[in-house]
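What follows is a single structure, written as structure tokens, with notes after it.
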Amino acid sequence: MLHTGSVIALLMIQNVYILMMKPEYRSKLIGFNLVAGTMSIFMAIIYYWNSYRPRTGPVGNGPNHDLIWTNFLVMTITGGCFILVGILGFVITRKVHSIPKGYYLGAVITVLLISLLGPLITNHKDTYISAEEAESIALNQARVDGYNDVTIWNLFDAETSTANIFSTEKNKAIKVWKVYLDAAGHPDNLNTPTIIYYIDLKDGSIVSSVKS
């Protein structure tokens, strides 16, 4: 999201620069910004509506609420930034003929802060636990559950991966790490893991487990 915010901020600064230095492009730039901003907000609404439409299929394909809200807010903030620059250009063209340099500087700083701050606020990646942390949690939980000689199961190139499953405790679909484990006493000829743990990406809690 930081990269997204940086790109939006640079685009906004370029727009304000054109308003300052290229008055011959103001009318076109105003129209572009207003249309782009309106479309971005409209697309955010459509995306949000479509994300929560009823679907068929396994429960694991349920909506990822954090991702939906993050994308919705970023798209809305982006649209707001475009509209803000469009309105700024309209005011400059219609009412103001001689603009102090400090006015432009304030506009650049304002748009820059909005562009960067929005994605940073909605950024959830830093709160997620890593695959290694999830594996450590699963290994410890397996020992607590009475399994001996627990190891990561990696036959057939299996590896710890993310998935979406429904949490009865939280009553919604959440993103998890899917950790495959092997343990003593499990027949090798079954070619399956002894147990699979589903670890919440956010807080590292055990959402559920499936025994082979």
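The figure for residue 210 is an accessible area of roughly 70 square angstrom, using a 1.4 Å probe on the protein chains alone.
Taken along the Cα-to-beta-carbon direction at a fixed 7 Å, the label points for residue 212 and residue 170 span 2.8 nm. Between residue 129 and residue 48, the FRET efficiency from the beta-carbon distance, with R0 = 25 Å, is close to 0.40.
From the P(r) of the stretch 165-212, could you give the percentage of C-alpha pairs in the tail past 16 Å? For the stretch 165-212, the share of Cα pairs beyond 16 Å comes to 43 percent.
The values are calculated or read from the model by the stated rules, or taken from the named source; none is laboratory data. This one's a predicted model, so the numbers in the text were calculated from it and none came from an experiment. So basically every Cβ, Gly included, is an ideal-geometry build from the backbone, and we count neighbours across all protein chains shown. Remember, those area values only see protein heavy atoms, side chains included, never the ligands or the DNA or RNA. Shrake-Rupley method; radii C 1.70, N 1.55, O 1.52, S 1.80 Å.
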